[in-house]
1. Which residue pairs have Cβ atoms closer than 8 Å, lie 6 or more positions apart in sequence or on different chains, and pair a first residue in segment 101-120 that is in contact (Cβ under 8 Å) with a residue 60 or more places away in the chain with a second residue that is among the aliphatic types (A, V, I, L, M)?
2. Is there a residue being surrounded by fewer than 19 Cβ atoms within 10 Å (Cβ to Cβ) and closer than 14 Å to Thr128 by Cα anywhere in segment 62-83?
3. Residues that are out of contact with any Ser or Thr (no Cβ under 8 Å at 6 or more places or on another chain) and more than 26 Å from Arg78 (Cβ to Cβ): does segment 127-143 have at least one?
4. Select, from Ile114, Ile88, Ile97, the only residue that is closer than 27 Å to Trp137 by Cα, open to solvent by 20 Å² or more (accessible area, probe 1.4 Å) and at pLDDT 80 or above.
5. So which of Ser110, Ser70 ends up being closer than 15 Å to Asp25 by Cβ and in a loop (DSSP other than H, G, I, E, B)?
Amino acid sequence: MVSVAATLRNRIEVSAATAILAAGDLVAVAAFVVIGSVGAHQGSLSNMSQMAGTAVPFLVGWLLAAFLGSLYTEDARRSVLRAVSWTIPAWITAALIAQVLRWSPLTPDSFSGIFLLISIAAGLVLLTPWRGIAAYWFSDGTWH
């Protein structure tokens with residue numbers, strides 16, 4: 001029987017590279033929320049609690065999808081192609097999880113198919129280049 005600790009070690013590598021990736025992911029998801037909130041509310045950054053409420057489901061979704069997809073391992077960043085090809089399904093999963101959470105009684109928001117599609121596209125525009133650049137850097141320039 002595999003222990004919880006062993007499962008965690010297989011899915012999350014504790015290293016400086018993982019910390020950098022996680023910080024960059026946090027910035028990308030936060031940028032997605034801020035850009036979306038500013039766009040939806042005509043340039044206003046005044047409602048920080050609403051932005052935080054929007055961010056939480058996406059951060060939870062990303063953390064879950066990244067964990068399940070082993071995105072915080074050396075294998076996930078060994079090449080640009082690998083990083084990008086693993087990031088795309090993970091973000092789609094994260095956006096789906098976020099929409100389910102938004103639909104649940106835990107949040108005052110609701111499910112929106114249009115918002116799901118926009119969040120998938122916008123998140124990929126932010127996360128995919130970041131993850132590709134990070135993989136290029138961590139893998140000493142390995143493309144595939």
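The values are calculated or read from the model by the stated rules, or taken from the named source; none is laboratory data. As the structure is a prediction and not an experimental result, all values here were calculated from the model. Here Cβ is always computed from backbone atoms with ideal geometry, including for glycine, and neighbour counts include all displayed protein chains. All accessible areas refer to the heavy atoms of the entire protein, side chains included, with ligands and DNA or RNA removed. Shrake-Rupley method; radii C 1.70, N 1.55, O 1.52, S 1.80 Å.
1. Listed by first residue and then by second, the contacts come to Ser119/Ala95; Ser119/Ala98.
2. yes
3. no
4. Ile88
5. Numbers: Ser110 fails: closer than 15 Å to Asp25 by Cβ.
Going through Ser110, Ser70 in turn, the sole match is Ser70.
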